[in-house]
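Read through the structure below, which is laid out as structure tokens, and then see the notes.
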Amino acid sequence: MSASTTAETRTVPTRPGPAAPVSRPNRVGENTVRADGVPKVRGEFEYSSDMGADGMLWGATLRSPHPHATIWSIDITQALAMPGVHAVLTHEDVPGRKVYGMEIPDQPVLAWEHVRYQGEAIALVAADHPETARRALDRIDVTYEVLEPLADAERAMADDAQRLHLSGNVLRHITIRHGEQAPVADVVVTGEYEVGMQDQAFLGPESGLAVPDGEGGVDLYIATQWLHVDRDQLAESLDLPPEKVRLTMSGVGGAFGGREDLSMQIHACMLALHTDRPVKIVYDREESFFGHVHRHPCRMRYEHGATRDGGLVYVKARIVLDGGAYASSSTAVCSNAACFACGPYDVPSATIDSYVVYTNNPPCGAMRGFGAVQTAFAYESQMDKLAAALGVDPVELRIRNAMAPGHRMPTGQVVPEPAPVAELLERLRAMPLPAEAPSEGRDLRDLPGGVSNTTHGEGVRRGVGYGIGFKNVGFSEGFDDYATARVILRVADGEPLVEVHTAAAEVGQGLVTVQAQIARTELGVERVSVLQADTAVGSAGSSSASRQTYMTGGAVKLACEAVRERMLERAGLQAGEDPGDLSLEDGAVVSAGGGRIAALTDVLADEPIEETVEFHHHETYPLDENGQGDAHLQFAFSAHRAVVDVDTRLGLVRVVELATTQEVGKAMNPQALEGQIDGGTAQGLGLALLEEIQVRDGRILNASFTDYLLPTILDMPPVSKVVLEHADPEAPYGLKGVGEPPNISTPPALAAALRDATGRELPRIPVRPEHIVGIDEHPPARPPLPGSRGPTATPHIRP
Amino acid sequence: MPGYNRAEVSAELTVVPSWEGKQSPRAQAEAARRAASESGLAHESGPGRTVLSGGRTEVLEALRKVIEASLDAGAHIVQVKVEAEGDAQRFQKS
């Protein structure tokens, strides 16, 4: 961690944003109501799609209907001639770099020759009305030569497969070789697993407003996850210096990784600079499905070997992630899948191969728990299968092999404190199970299908399953991860006020509130104002990888400490006291004995104190050719237990209860933490039971919330929670990132519960009704054992 | 997640085909693409443009091969822009 003064100059904004509200937060560790909560519920919050400007034009995007094609010509003549149309742009109009990408700039801003996925952007229109813009898109004549899509990741890896990119179709391959590479085990179980393509399904489809500044530059008001990485990509493609491209965060409905890549940012700015008018682009929900990346579909083949008494001997895994047409953050997803492939267990020998592959499917990238979600489903399914083969309790088997501080992960990294894997499982197991009333005679609302009158209790079976997962917090593999914060302590309206300025994206996780809590705690000042995030201050990194409370929270804490030091120096000088004996409390400078020295308002007078700092986490390192290296900063763990009732005749499921234990280091705002756990659990339930983008031959079949099924409040059961607060000695306040873990451990727990109820293998999520229907007509090879909570298994047991 | 951890060096090549070359203009461009593709470092970056990105040594070695393939096919002009892209420079203060 380091401190420096790195303030950026701010120009006059082209659009005044909403005033930053002044709040009176509680301290760190206390419940604090989020400032944006009430306006959002009342419909008063300004989301990015709500913005407007005088003289504004509407932008629209022409997209390819084909997943794979060659473009022979693009004729914009008719569109350009339409009344009300102000611009029609193609790749020829991209002023700078014609490709973009967070890691690998491989995605065309506008396609020029090749179309690699359905929905790829080809041309842009700016018009005085959104309907005019839409009709103009219909007048753009594109001549395609339609090609056979390469839509299967395994096929794309074949030597004779057509290359979709010059670099080949395998975007990244990570090998991990850990321990003995010819291990022998008493009991061996194998399995093949698959995870479907999940959508982030955030509220508020992609939208933003670009405003030219009249001097060749542009302001972009945008809902995004990382302002500075957007800005730098924009500057490259617009061929402008970064200071000519200013970004301001606007209202975000949610993100979950889906706003980490660019969508309409370059397009809106191109149109605005071309027309010299403000341009707004708002996707509808259908376009949103084509406008952002999704969770990687994944196929995994696993082999677990163990001793007769249940000690893990080895794990072998082959993981194939379908990256779709462009790189996005696939390289990091591939790495995470490999690093966390064995789960939070002590595994003496690991042989892991993780691949991510280009195809003509929709591009995939970051989504909550990236990489770790997919493998957790597989390794936890394997642990259940192993428990069944050994005839032991599946939770006991997990505890027997639980990772602990000091163990070496398959990457060679030593597991740091705290890693209470066994404790999480023990505490989860000890939580009371919901009472099981007879199925018959129950209130219909408590049965699968609810009031649809599908069952009155007949054919209903209960199942219980467990799952545990973990992943990294923060950026990894040698990336210099940092966040910047600017803190100003001043007098306003006769009272001290702390202003906090960062570029960190509030995406619904409660970051604005926690920044205010930190300022309140560190400076002892009740009134805090968190200013609008923008690129006038240094980068905060992305609101992803569960990192912002650690990183931007850490930066705010560090900046407050710098402000406090200067404040105490000033107070000490004025009062003739040693600054080392002073502290700040309740708006005053107090002595070591607790005596009030001076009011902050008097010490500050009309001379505010301002500090800007960068907070860096400790260095991480790339993985070597054997997948060895201290690649990660921190690990976060959670466990879930699922209780389900299954109507085995219709395949309908009612989730009765989800119980969870999570290691959080420090509950910064317990109320917000609960929201993160509920939200992550709901998203995990969606992946396990409902949510999948159906893709056939590269085409999305269900690009709407009518056909893409999301869990509703009626699908969500009560979530019982136990939170462990074992402080990370290195992290600010001892905290851990909390956003992703619940999303990782929920799906395997639900799948295990369904297996317990049905006896089916269920090697794929989401589990669909047809996978569990008809137990009576087609019983599984072996009925579930009472309390087995695992699938049927055909283990290989050495004689 | 991702980071924003660009390759150490990126080199963008634009082959300007010659009508007087040994091979057709299309073949000249294709020769460059093929050589770039063999490097495993290449992506298209625009019509007739290719980016090689990776470590400094491997990019510069690949660059030479692509240029030679282009010239052998008859191209008279190959424009090259080489950028060193350390992560630290990505977030310059403005």
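The values are calculated or read from the model by the stated rules, or taken from the named source; none is laboratory data. None of these values were measured; they are calculated from a predicted model. Virtual Cβ from ideal backbone geometry, glycine too; neighbours counted across all protein chains shown.
Can you tell me which residue within the stretch A:214-256, out of those that are in a loop (DSSP other than H, G, I, E, B) and touching a Ser or Thr at 6+ places or on another chain (Cβ under 6 Å), is nearest to A:G684 (Cα to Cα)?
A:Q225
Is at least one residue of the stretch A:458-469 modelled with pLDDT under 90 and not small (G, A, S)?
No, there is no match, as no residue in the stretch A:458-469 is modelled with pLDDT under 90 and not small (G, A, S).
Using the structure shown, decide if A:D219 is in contact (Cβ under 8 Å) with a residue 12 or more places away in the chain, under 19 Å from A:L238 (Cα atoms), surrounded by fewer than 19 Cβ atoms within 10 Å (Cβ to Cβ) and not aromatic (F, W, Y).
Spelling it out, it is not the case that A:D219 is in contact (Cβ under 8 Å) with a residue 12 or more places away in the chain, under 19 Å from A:L238 (Cα atoms), surrounded by fewer than 19 Cβ atoms within 10 Å (Cβ to Cβ) and not aromatic (F, W, Y).
Would you pick out the residues in the stretch A:85-103 that are among the charged types (D, E, K, R) and within 27 Å of A:S330 (Cβ to Cβ)?
Correct list: A:R97, A:K98, A:E103.
Given the residues A:A422, A:A404, A:A378, which is the only one that is assigned to a loop (DSSP other than H, G, I, E, B), within 18 Å of A:A639 (Cα to Cα) and at pLDDT 95 or above?
Only one candidate passes the filter, namely A:A404.
One line per residue, one yes/no per condition, for (1) buried (at least 21 other Cβ atoms within 10 Å of the Cβ); (2) farther than 22 Å from A:G467 by Cβ:
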position	(1), (2)
A:S328	yes, yes
A:A332	yes, yes
A:N336	yes, no
A:Y358	yes, yes
A:P362	yes, yes
A:F370	yes, no
A:F377	yes, no
A:E396	no, no
A:A402	yes, no
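Of the numbered conditions (1) out of contact with any strand residue (DSSP E or B) (no Cβ under 9 Å at 6 or more places or on another chain); (2) outside any loop (DSSP other than H, G, I, E, B); (3) closer than 26 Å to A:E477 by Cβ, A:A366 fails exactly one; give the number of that condition.
Condition not satisfied by A:A366: (2).
Per-residue answers, yes or no, for (1) touching a Gly at 6+ places or on another chain (Cβ under 7 Å); (2) not in a loop (DSSP other than H, G, I, E, B):
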position	(1), (2)
A:G593	no, no
A:I597	no, yes
A:V603	no, yes
A:D606	no, no
A:E619	no, no
A:Q628	yes, no
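Which one of A:L600, A:L558, A:L582 is in contact (Cβ under 8 Å) with a residue 60 or more places away in the chain, more than 30 Å from A:G478 (Cβ to Cβ) and crowded, with 20+ Cβ neighbours inside 10 Å?
On inspection, the qualifying residue turns out to be A:L600.
Tell me which of these A:R445 doesn't satisfy, since it passes every other one: (1) closer than 30 Å to A:E458 by Cβ; (2) in contact (Cβ under 8 Å) with a residue 12 or more places away in the chain; (3) surrounded by fewer than 24 Cβ atoms within 10 Å (Cβ to Cβ).
Unmet condition: (2).
Have a look at A:D707, A:D678 and point out the one that is of a type in the set (D, E, K, R), within 21 Å of A:D199 (Cβ to Cβ) and part of a helix (DSSP H, G or I).
Among A:D707, A:D678, only A:D678 is of a type in the set (D, E, K, R), within 21 Å of A:D199 (Cβ to Cβ) and part of a helix (DSSP H, G or I).
If only one of A:P16, A:P25, A:P95, A:P65 is out of contact with any helix residue (DSSP H, G or I) (no Cβ under 6 Å at 6 or more places or on another chain), assigned to a loop (DSSP other than H, G, I, E, B) and either under 24 Å from A:A325 (Cα atoms) or at pLDDT 95 or above (or both), which one is it?
A:P65
Which one is nearest to the other protein chains (Cβ to nearest Cβ) among residues in the stretch A:78-109 that are touching a residue at least 60 places away in the same chain (Cβ under 8 Å) and closer than 18 Å to A:R134 by Cβ?
Of everything passing the filter in the stretch A:78-109, A:L89 is nearest to the other protein chains (Cβ to nearest Cβ).
If A:V125 meets every condition in (1) surrounded by fewer than 20 Cβ atoms within 10 Å (Cβ to Cβ); (2) in contact (Cβ under 8 Å) with a residue 40 or more places away in the chain apart from one, which number is that one?
(1)
Quick one: is A:G478 within 24 Å of A:E614 (Cα to Cα), within 14 Å of chain B (Cβ to nearest Cβ) and part of a loop (DSSP other than H, G, I, E, B)?
Considered against the rule, which asks whether it is within 24 Å of A:E614 (Cα to Cα), within 14 Å of chain B (Cβ to nearest Cβ) and part of a loop (DSSP other than H, G, I, E, B), A:G478 comes out as yes.
Looking at this structure, is A:R295 farther than 28 Å from A:Q225 by Cα and of a type outside the set (F, W, Y)?
The answer is no for A:R295.
Residue by residue through the stretch A:168-203, note down the ones that are buried (at least 23 other Cβ atoms within 10 Å of the Cβ), touching a Ser or Thr at 6+ places or on another chain (Cβ under 8 Å) and not hydrophobic (A, V, I, L, M, F, W, C).
Across the stretch A:168-203, the qualifying residue is only A:Y193.
Using the structure shown, decide if A:D276 is surrounded by fewer than 24 Cβ atoms within 10 Å (Cβ to Cβ) and within 14 Å of chain B (Cβ to nearest Cβ).
Taking the combined requirement at face value, the residue does not satisfy it.
Hey, can you tell me all the residues within the stretch B:36-58 that are more than 10 Å from every other protein chain (Cβ to nearest Cβ) and part of a helix (DSSP H, G or I)?
If the condition is that a residue be more than 10 Å from every other protein chain (Cβ to nearest Cβ) and part of a helix (DSSP H, G or I), then B:R56, B:T57, B:E58 are the ones that fit.
Report, by residue number, each residue of the stretch A:421-440 that is out of contact with any Gly (no Cβ under 6 Å at 6 or more places or on another chain) and in contact (Cβ under 8 Å) with a residue 60 or more places away in the chain.
A:V421, A:E423, A:L424, A:L425, A:R427, A:L428, A:R429, A:M431, A:L433, A:P434
Out of A:E614, A:E607, A:E619, A:E577, report the one residue that is within 28 Å of A:A540 (Cα to Cα) and without any contact (Cβ under 8 Å) to a residue 60 or more places away in the chain.
A:E607
Regarding A:G291, is this residue touching a Cys at 6+ places or on another chain (Cβ under 7 Å), over 24 Å from A:S638 (Cα atoms) and more than 13 Å from chain B (Cβ to nearest Cβ)?
Against the criterion (touching a Cys at 6+ places or on another chain (Cβ under 7 Å), over 24 Å from A:S638 (Cα atoms) and more than 13 Å from chain B (Cβ to nearest Cβ)), A:G291 does not qualify.
I'd like the full set of residues that are more than 11 Å from every other protein chain (Cβ to nearest Cβ), closer than 30 Å to A:R295 by Cα and either outside any loop (DSSP other than H, G, I, E, B) or modelled with pLDDT under 80 (or both), limited to the stretch B:1-19.
Matches in the stretch B:1-19: B:V9 only.
For the stretch A:145-192, what are the residues that are part of a loop (DSSP other than H, G, I, E, B) and among the aliphatic types (A, V, I, L, M)?
Matches in the stretch A:145-192: A:L147, A:L150, A:A151, A:M157, A:A158, A:A161, A:L164, A:L166, A:A182, A:V184, A:A185.
Please determine whether any residue of the stretch A:722-740 is buried (at least 24 other Cβ atoms within 10 Å of the Cβ), part of a helix (DSSP H, G or I), among the hydrophobic types (A, V, I, L, M, F, W, C) and out of contact with any Ser or Thr (no Cβ under 6 Å at 6 or more places or on another chain).
There is no residue in the stretch A:722-740 that is buried (at least 24 other Cβ atoms within 10 Å of the Cβ), part of a helix (DSSP H, G or I), among the hydrophobic types (A, V, I, L, M, F, W, C) and out of contact with any Ser or Thr (no Cβ under 6 Å at 6 or more places or on another chain).
Could you check, for the stretch A:511-530, whether at least one of its residues is over 20 Å from A:R24 (Cβ atoms), modelled with pLDDT of 95 or more and either more than 14 Å from every other protein chain (Cβ to nearest Cβ) or assigned to a strand (DSSP E or B) (or both)?
No, the stretch A:511-530 has no match at all.
With respect to the numbered conditions (1) at negative phi; (2) within 14 Å of chain B (Cβ to nearest Cβ), which one is the sole condition not fulfilled by A:G541?
Status for A:G541: all satisfied but (1).
Anything in the stretch A:110-138 that is more than 14 Å from every other protein chain (Cβ to nearest Cβ) and part of a loop (DSSP other than H, G, I, E, B)? List them, or say none.
Within the stretch A:110-138, A:Y117, A:Q118, A:G119, A:D128, A:H129 meet the criteria.
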